[in-house]
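Colleague: Take a look at this one; I'll ask things after.
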Protein chains: 2
Amino acid sequence: MKKTALIMAGGRGERFWPQSRQNMPKQFLSLTDDGKTMIQLTVERIMPMIDIEDIYISTNQDYKELVMEQLPQIPEENILCEPVGRNTAPCIGLGAVHVARRYGDAVMLVLPSDHLIKYNTIFLSTLEDGCQIAEQGPNLVTIGITPDTPETGYGYIKFIPDQLLGRSYRVDRFVEKPDLDTAKEYVASEQYLWNSGMFIWKVSTILENLKEYLPQVYKGLLEIQENIGAENEQQVLEQVFRKFPSESIDYGVMEKAKNIYILTGAFGWDDVGSWLAVGRIRKSNEFGNVITGNTITIDTKNSIIQGGKKLIATIGLQDVIIVDTDDALLICDRDSAGDIKKVLENLKICNRTEYL
Amino acid sequence: MKKTALIMAGGRGERFWPQSRQNMPKQFLSLTDDGKTMIQLTVERIMPMIDIEDIYISTNQDYKELVMEQLPQIPEENILCEPVGRNTAPCIGLGAVHVARRYGDAVMLVLPSDHLIKYNTIFLSTLEDGCQIAEQGPNLVTIGITPDTPETGYGYIKFIPDQLLGRSYRVDRFVEKPDLDTAKEYVASEQYLWNSGMFIWKVSTILENLKEYLPQVYKGLLEIQENIGAENEQQVLEQVFRKFPSESIDYGVMEKAKNIYILTGAFGWDDVGSWLAVGRIRKSNEFGNVITGNTITIDTKNSIIQGGKKLIATIGLQDVIIVDTDDALLICDRDSAGDIKKVLENLKICNRTEYL
């Protein structure tokens with residue numbers, strides 16, 4: 001069966017402020033040593049498996065130009081612009097009807113555009129395993145990551161150890177981000193994996209599930225599908241999409257659906273959730289510093305400096321994150337990286353949108 | 001007797017890098033809440049006592065324009081430009097012969113251009129006391145500051161407690177910057193004051209002393225004096241000055257001279273020696289931060305932020321100094337403020353003079 005991929009690139013991630021902005025979210029940033037952006041890496045990663053004309057990017061109008069700039073090899077008609085953000089269920093549905101219109105049925109990988117994978121051979125073989133399971137029946141396949149820590153920022157997926165299909169486990173249930181104690185229990189139980197947000201299914205399978213669990217969305221999607229390529233395509237998309245509820249695929253479908261399977265992702269996954277990730281991902285120097293730009297560091301340890309042309313001199317610092325851009329500078333203790341959102345809240349309250 | 005003042009403004013202070021630069025040293029910076037520059041404050045301070053046309057500024061050609069911009073009220077002929085830096089003895093000598101040429105004899109205050117004084121009424125009355133003593137005979141008057149700490153960055157002056165002249169003590173000796181143990185002994189002895197670098201004497205007195213202790217300099221100064229106002233004034237100044245040894249007034253004269261008196265400066269003196277001084281001098285907010293510019297500070301305490309138009313966001317910081325300029329940014333732990341010189345050394349070694 002034909003294999004296709006939908007890469008979701010509509011996110012407005014704030015956690016890499018001030019380098020990420022509303023007009024330049026994380027997926028379009030280069031955060032690795034190789035200079036490639038997150039979305040470029042995501043596409044490269046699956047190219048051994050999926051033909052380039054079968055890779056779809058879902059994003060919004062604001063980012064269409066960025067996608068075309070960074071991924072000139074992707075056909076323009078594969079860049080699906082959501083008229084408004086309605087979370088992942090309508091987003092995935094839109095991708096599904098585009099694939100359905102073109103191929104009737106096909107396998108569809110759904111992938112975030114802003115994660116990193118260390119071992120791509122393992123990643124690809126995991127995806128291949130997923131495709132096989134997806135093709136075998138009306139199966140929804142997910143990829144779970146074995147937790148290092150009782151992370152409270154991710155959803156978890158409970159699997160049933162003794163119910164295998166191929167190399168996957170049958171899923172018992174999806175659970176939303178837990179509190180710390182619950183997360184600790186999950187990890188201790190050895191039966192919960194992190195929800196990586198990656199899915200594999202046939203287009204027909206996900207559409208059937210949308211029909212069952214989000215019938216209104218399904219109906220709208222059919223209307224959109226009928227008008228793909230028509231003169232009023234855009235108009236219909238706008239009208240229908242705006243009426244969709246904002247609903248995640250996890251809550252809207254996966255928490256209710258049957259026949260869900262989970263593959264373990266042993267390929268070195270990183271969701272690159274904050275500036276701290278840059279310290280993990282990139283090569284550090286002998287003092288534990290990860291540095292970009294024009295710097296002089298004296299007695300500086302274990303710090304992340306992301307600068308440009310301007311000279312940045314640091315003296316006597318430890319565990320600090322410094323991010324310098326043309327109009328904004330962040331200086332933040334490593335332990336406070338999560339509080340970048342407070343800066344953004346402050347900016348919103350003060351209506352200083354130029355910095356968002 | 002006529003009172004005149006020589007304000008020494010040739011220093012190339014590096015300790016306020018990156019705001020201070022070779023083309024913008026500390027005396028021309030505004031580091032106080034009132035927005036005035038150090039040299040402007042220095043001139044304002046003595047204006048109740050000295051006529052503006054009797055205030056001389058000694059500097060070098062590079063800074064002449066800055067002086068004229070910041071002190072438009074000072075007559076241009078009172079701006080004495082040293083052709084090369086030869087430390088304070090030739091500098092003061094040059095001022096002395098200009099005053100001598102104009103007034104024959106006069107009292108001359110010698111003042112640094114980059115210190116701060118809290119209580120100006122006390123400062124002025126101290127200077128008045130000094131003028132009286134200076135007028136009474138061939139006396140060299142200095143002003144000493146009672147140490148708070150065994151500071152190793154200043155010279156010290158030993159006074160003889162029971163030998164008074166007016167409100168001044170007779171000076172036993174001048175000593176150069178001590179090591180810490182010696183400084184502690186000095187402070188414990190209660191007989192040493194910090195050398196503030198401020199002097200009061202008659203022009204005739206200092207010239208007599210130069211004649212005795214630096215005869216070569218004295219001879220050159222006479223040659224310069226003879227040519228003030230002449231067509232070849234500049235040429236003679238250049239030729240003679242270049243041949244002067246580099247010699248401080250402390251080492252060249254004060255350590256050898258007789259009839260030295262010291263007044264205690266109880267006027268709240270600060271030599272504004274590093275960015276830490278800005279934390280003392282300027283008003284801090286409720287979190288102990290002293291802030292200039294466009295900032296958002298979250299969980300930030302006891303820090304100094306000197307920025308401009310660019311947004312500076314800080315999170316989870318304590319005891320940090322941040323100085324942002326157009327082409328260079330300093331981020332420094334408070335305890336490392338003294339290590340700014342290491343950055344400058346690095347820049348010199350790498351020949352990155354654009355940042356000096």
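The values are calculated or read from the model by the stated rules, or taken from the named source; none is laboratory data. Note that this is a predicted model, so its numbers are computed, not measured. Heads up, the Cβs are rebuilt from the backbone with ideal geometry, glycines too, and the neighbour counts pull from every protein chain shown.
Colleague: Taking A:TYR63, is it among the aromatic types (Phe, Trp, Tyr) and crowded, with 22+ Cβ neighbours inside 10 Å?
Modeller: So A:TYR63 fits the description; yes.
Colleague: Anything in the range A:3-48 that is assigned to a loop (DSSP other than H, G, I, E, B), in contact with a Leu (Cβ under 8 Å, 6 or more places away or on another chain) and within 14 Å of chain B (Cβ to nearest Cβ)? List them, or say none.
Modeller: A:GLU14, A:PHE16, A:TRP17, A:PRO18, A:GLN19, A:SER20
Colleague: Something else: Taking the condition more than 29 Å from A:LEU116 (Cα to Cα), among the aromatic types (Phe, Trp, Tyr) and modelled with pLDDT of 95 or more, does A:TYR218 pass?
Modeller: When the stated conditions are applied, A:TYR218 passes them.
Colleague: Of all residues being of a type in the set (Asp, Glu) and out of contact with any Gly (no Cβ under 8 Å at 6 or more places or on another chain) in the range B:120-175, which is farthest from B:ARG15 (Cα to Cα)? Just the residue, please.
Modeller: Here the answer is B:ASP162.
Colleague: May I pose another question? Specify which of the listed residues (A:VAL175, A:VAL141) is touching a helix residue (DSSP H, G or I) at 6+ places or on another chain (Cβ under 9 Å) and either among the polar types (S, T, N, Q) or surrounded by fewer than 18 Cβ atoms within 10 Å (Cβ to Cβ) (or both).
Modeller: Answer to the check: A:VAL175.
Colleague: Taking the range A:321-355 as the region of interest, how many residues are in a strand (DSSP E or B), more than 7 Å from chain B (Cβ to nearest Cβ) and without any contact (Cβ under 8 Å) to a residue 60 or more places away in the chain?
Modeller: Of the residues in the range A:321-355, 1 are in a strand (DSSP E or B), more than 7 Å from chain B (Cβ to nearest Cβ) and without any contact (Cβ under 8 Å) to a residue 60 or more places away in the chain.
Colleague: State all residues of the range A:87-106 that are touching a Ser or Thr at 6+ places or on another chain (Cβ under 7 Å), aliphatic (A, V, I, L, M) and farther than 30 Å from A:SER274 by Cβ; if no residue qualifies, say none.
Modeller: Correct list: A:VAL99, A:ALA106.
Colleague: While we're here: Please state which one of A:GLU82, A:GLU128, A:GLU77 is under 29 Å from A:TYR169 (Cα atoms) and of a type outside the set (S, T, N, Q). If you could, list the steps in order and put the result at the bottom.
Modeller: Details: A:GLU82 fails: under 29 Å from A:TYR169 (Cα atoms); A:GLU77 fails: under 29 Å from A:TYR169 (Cα atoms).
Of the residues listed, the single one that is under 29 Å from A:TYR169 (Cα atoms) and of a type outside the set (S, T, N, Q) is A:GLU128.
Colleague: Working only within the range A:171-186, note down all residues that are more than 23 Å from A:VAL141 (Cβ to Cβ), part of a helix (DSSP H, G or I) and in contact (Cβ under 8 Å) with a residue 24 or more places away in the chain.
Modeller: A:LEU180, A:ALA183, A:LYS184
Colleague: Going by what's in this entry, would A:ILE122 be described as closer than 28 Å to A:PHE244 by Cβ and either free of Cβ contacts under 8 Å to residues at least 12 places away in the same chain or assigned by TED's automatic domain parsing to the domain that holds A:LEU263 (or both)?
Modeller: In short, no.
Colleague: Right, something else. Quick check on my filter: what residues within the range A:302-317 are without any contact (Cβ under 8 Å) to a residue 24 or more places away in the chain and either on the phi > 0 side of the Ramachandran plot or over 31 Å from the mean Cα position of the chain (by Cα) (or both)?
Modeller: Answer for the range A:302-317, where residues must be without any contact (Cβ under 8 Å) to a residue 24 or more places away in the chain and either on the phi > 0 side of the Ramachandran plot or over 31 Å from the mean Cα position of the chain (by Cα) (or both): A:LYS310, A:LEU311, A:ILE312, A:ALA313, A:THR314, A:ILE315, A:GLY316, A:LEU317.
Colleague: When the range A:49-81 is examined, which residues are found to be in contact with a helix residue (DSSP H, G or I) (Cβ under 6 Å, 6 or more places away or on another chain) and not aliphatic (A, V, I, L, M)?
Modeller: A:TYR56, A:SER58, A:THR59, A:GLN70, A:GLN73, A:PRO75, A:CYS81
Colleague: Something else: When you scan the range B:267-286, do you find a residue that is part of a helix (DSSP H, G or I), within 9 Å of another protein chain (Cβ to nearest Cβ) and over 19 Å from A:ILE312 (Cβ atoms), even just one?
Modeller: Looking for residues that are part of a helix (DSSP H, G or I), within 9 Å of another protein chain (Cβ to nearest Cβ) and over 19 Å from A:ILE312 (Cβ atoms), one finds none in the range B:267-286, hence no.
Colleague: Of all residues in the range A:230-266, count the ones that are free of Cβ contacts under 8 Å to residues at least 12 places away in the same chain and either in a loop (DSSP other than H, G, I, E, B) or touching a Gly at 6+ places or on another chain (Cβ under 7 Å) (or both).
Modeller: Here the count works out to 4.
Colleague: B:ASN289: more than 8 Å from chain A (Cβ to nearest Cβ) and either surrounded by fewer than 17 Cβ atoms within 10 Å (Cβ to Cβ) or farther than 21 Å from A:ALA337 by Cβ (or both), yes or no?
Modeller: no
Colleague: State all residues of the range A:97-119 that are farther than 16 Å from A:ILE39 by Cα, out of contact with any strand residue (DSSP E or B) (no Cβ under 8 Å at 6 or more places or on another chain) and touching a residue at least 60 places away in the same chain (Cβ under 8 Å); if no residue qualifies, say none.
Modeller: Matches in the range A:97-119: A:VAL97, A:ALA100, A:ARG101, A:TYR119.
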